[in-house]
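Have a look at the structure below before the remarks.
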C-alpha cells in the first residue's frame, strides 16, 4: 500500500495532532483550522498541512477540518482504529511506571501480561495483572496473540528477552534498555533512550541555540 | 558559534555513537572504522561519516578513528565534557524510575534535588536525596544553580511547575507529562511522550513496512 516514504517526524507529529484533536473534540468544538491545530501543538500551520497531505485530502478550503472526522482519520493512519495486545517484560521502577501509565490504554494499547524473573514479584498483582515468571513468556505471549512487547529489563538480558518475544510471534518491540538489539527484518524495533533526550537538550544549550 | 543547522536525528545518533565508543574503549580497543561503529549501532557507514562531518575532520583515512579521541570529541560536541545539575519534579512511579536511572549519572547528569507535593513523600530519602515540598522549589533550584529540570508530574500541574523552574533560572526542561507546555525562547524544552513511540511502531506495522 505504501509507495511514499513517510518521515518518522511526520508520524510523531500525527500522534501529537491526534491527541490534541481528542482534547478539542471533548470540548465540543466542531471544526478546526490548520492554524489552530498548529498553535495548539506548537508547530507551523504549513507543517500541519504538509504532514496531512502525505495521506490525502482532508478538510475544506476556507472552512477547515471537521474535528471528529480528522481525529478518526488520523487515528486510522496511526493504526489505532483497533486495540493492541501488549506484553511488558521487566518490572523494575521503570516497568512499574509503564505498567501504570494511563496514556497507553487511552490509545488502545492494552497490557495483557507482565513478566519478571524476581521470585518476590512473580505472583503479585500489578494493575490487575498477575506478574508471571519469564519462563512462561513464550507460552503466554503466543496464547494471548500478543502483537507488541515492551522491554524494561537490564541491558544484559535484553537480547535474550527479544529472542523469546520474537519466537513467541511478537511483531513489534519497544525497548527501554540502553543497548543495541537485533531483530529479524519482519519485526519492528524502536528504542527509547531516556538519556538521549537530555543530550539533545545539552547539545542545544552548548551550541547556543 | 553555530552556523549550520544540525538535524536533531544527527544529535540523537551522536549520543548513541558516544555510548558505543565508551563500550568499545572499555574493551581496550584502540582504533575503529566508521564501518565498525555503523555495525555496532545499526546504521550505515555513510551515515556515521556524514554525522561526524558536521563537526569537522575526525580520524585518518585508511586507519580509522582513535576510539578515545573520537569518544572525547563527541562527548564535547554533546555538551557532556562537564557535569549538569538536574532537578526532578514529581515522584510518581515514573519519577521514581527516573530518580534511580543509572544512565543519567554515567553521562554527567546529577540529580541534586527532588520535589513532590505529597506530604507522605516529602522528607523521605530517595537515592540519597531528601524529597522536598514544591513550595521550596524556586529557592532550592536557584541556590543549587540547577540548569536542567525533569518534569514527571500530572498534565494538570505541569505548566505551573514549568513556570516555577523558569523563574528559578533553569535553562532546559525535559517533560514527561503528555501536554503542550510553553517556555520563553531562551529555555530549551523537550517532550518525551511514551505513547508516541508505540504509535510509530503501530504505524509501521499497519503500513506494511
* Structure fact -> Within the stretch B:24-39, the count of residues that are surrounded by fewer than 16 Cβ atoms within 10 Å (Cβ to Cβ) and in a helix (DSSP H, G or I) comes to 3
* Structure fact -> Subset of the stretch A:51-87, residues buried (at least 19 other Cβ atoms within 10 Å of the Cβ), under 15 Å from the mean Cα position of the chain (by Cα) and either away from chain B (no Cβ under 12 Å) or without any contact (Cβ under 8 Å) to a residue 12 or more places away in the chain (or both), comes to A:79, A:87
* Restricting the search to the stretch B:141-158, which residues are buried (at least 18 other Cβ atoms within 10 Å of the Cβ) and farther than 23 Å from residue A:94 by Cβ? -> B:141, B:146, B:147
* Report yes if some residue within the stretch A:166-175 is within 21 Å of residue B:75 (Cα to Cα), within 9 Å of chain B (Cβ to nearest Cβ) and either in contact with a strand residue (DSSP E or B) (Cβ under 9 Å, 6 or more places away or on another chain) or not in a loop (DSSP other than H, G, I, E, B) (or both); otherwise report no. => no
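Given the structure, is residue A:92 surrounded by 15 or more Cβ atoms within 10 Å (Cβ to Cβ), farther than 30 Å from residue B:102 by Cβ and touching a residue at least 12 places away in the same chain (Cβ under 8 Å)? I'd like the intermediate steps shown before the answer.
Details: surrounded by 15 or more Cβ atoms within 10 Å (Cβ to Cβ): yes; farther than 30 Å from residue B:102 by Cβ: no; touching a residue at least 12 places away in the same chain (Cβ under 8 Å): yes.
Taking the combined requirement at face value, the residue does not satisfy it.
Given the options A:124, A:112, name the one that is under 21 Å from residue B:100 (Cβ atoms), at pLDDT 95 or above and either out of contact with any strand residue (DSSP E or B) (no Cβ under 7 Å at 6 or more places or on another chain) or surrounded by fewer than 21 Cβ atoms within 10 Å (Cβ to Cβ) (or both).
On the way: A:112 fails: under 21 Å from residue B:100 (Cβ atoms).
The conditions single out A:124.
The values are calculated or read from the model by the stated rules, or taken from the named source; none is laboratory data. Small disclaimer: the values here were computed from a predicted structure and weren't measured. Reconstructed Cβ throughout: ideal geometry from the backbone, glycine too, with neighbour counts over all protein chains shown.
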